Amino acid sequence: MRAKSVAILESRLGEQLAGLIDKRGGRAVWAPALAEVPDIDPAYIGQLVGELASRPATVAIFQTGVGTHALFKTTDSLGLTADFIARLSGMTVVARGPKPTGALRSRGVRIDLNAADPFTTAQVLDALAPVPLDGKRVIVQRYGVANAELDEALRARGAQILEIPTYRWSLPADTRPLHDLIGALERRQIDAVTVTNAAQVYNLFALAERLGRADALRESLNRTLVASVGPVSSDALRRFGVAVGLEASPPKLGPLVTALDEALSR
């Protein structure tokens, strides 16, 4: 990367991503744009598990590893994990990608359907295509925001959705690194920006709007190499009028850094 400055918006895996960039000769500029805030209601979980005995669900969709772990930690605290797993055994269990797959396997949960690479909502819906949903109850483990595309598609097929919020996304408490990054982008001091979650884009522009610098941010990003981890992040960037310079394939940190290294070394 020839000492190029690479901005990182990732929070939870920010240090790991910075390490990968540093190893390739880049200079990581870490400005977390996302905070995961616990948003799980034990009373709701207890009520839901109890109701599943008399009103079972047909499908359970697990979208993230973090959310799946949080859900089972809550059933642990309520003494309901065995009951919940028993209820899942009567459902079609769907995992969106390797992280929820790993979380479910660690609990001994049978997985019936796996979303194909690149693990987006489209692949979840493809996996569910043969499953009758009209009039059926479907559990959806929610991630940082409601997945409107998934919810609308399920409702269009006649499903009743039972959402389980586990965490929500917000701006970090300390937004100074993001303030500094917006300024550095305007001064053309950043060579590339990595985007690893669509919510990072929404949060970055939300902060820029507060500062009255959204248009300047868009202009800055469009003269900077923007590297997206996958199609969901790329769609978010395009919604804000930002051109995607490269997209990782498969959508993982390793391929993202490799593609970025090749682009910056040319």
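The values are calculated or read from the model by the stated rules, or taken from the named source; none is laboratory data. Only a predicted model underlies this, so the values are computations on that prediction, with no experimental measurement involved. For neighbour counting, all protein chains shown are included, and Cβ atoms are generated from backbone atoms with ideal geometry for every residue, glycine included.
For the reader, a short list of remarks on this structure follows.
- Strands (runs of 3 or more DSSP E) wholly inside the range 5-54 containing at least 2 residues that are touching a residue at least 40 places away in the same chain (Cβ under 8 Å) and either touching a Phe, Trp or Tyr at 6+ places or on another chain (Cβ under 6 Å) or among the small types (Gly, Ala, Ser) (or both): 5-8, 35-38
- Of the residues making up the range 101-109, none is under 16 Å from residue 166 (Cα atoms), touching a residue at least 24 places away in the same chain (Cβ under 8 Å) and surrounded by fewer than 16 Cβ atoms within 10 Å (Cβ to Cβ).
- Only a single item in (1) over 22 Å from residue 256 (Cβ atoms); (2) under 24 Å from the mean Cα position of the chain (by Cα); (3) among the small types (Gly, Ala, Ser) is not met by residue 97, and it is number (1).
- All positions within the range 189-230 that are assigned to a helix (DSSP H, G or I), in contact with a strand residue (DSSP E or B) (Cβ under 7 Å, 6 or more places away or on another chain) and at pLDDT below 95: 199
- Any hit, the range 123-134, residues being among the charged types (D, E, K, R), closer than 21 Å to residue 39 by Cα, under 24 Å from the mean Cα position of the chain (by Cα) and not assigned by TED's automatic domain parsing to the domain that holds residue 236: no
Matching residues to (1) in a strand (DSSP E or B); (2) more than 24 Å from residue 231 (Cα to Cα); (3) among the basic types (Lys, Arg):
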site: 70; (1), (2), (3): no, yes, no
site: 99; (1), (2), (3): no, no, yes
site: 111; (1), (2), (3): no, yes, no
site: 132; (1), (2), (3): no, yes, no
site: 144; (1), (2), (3): no, no, no
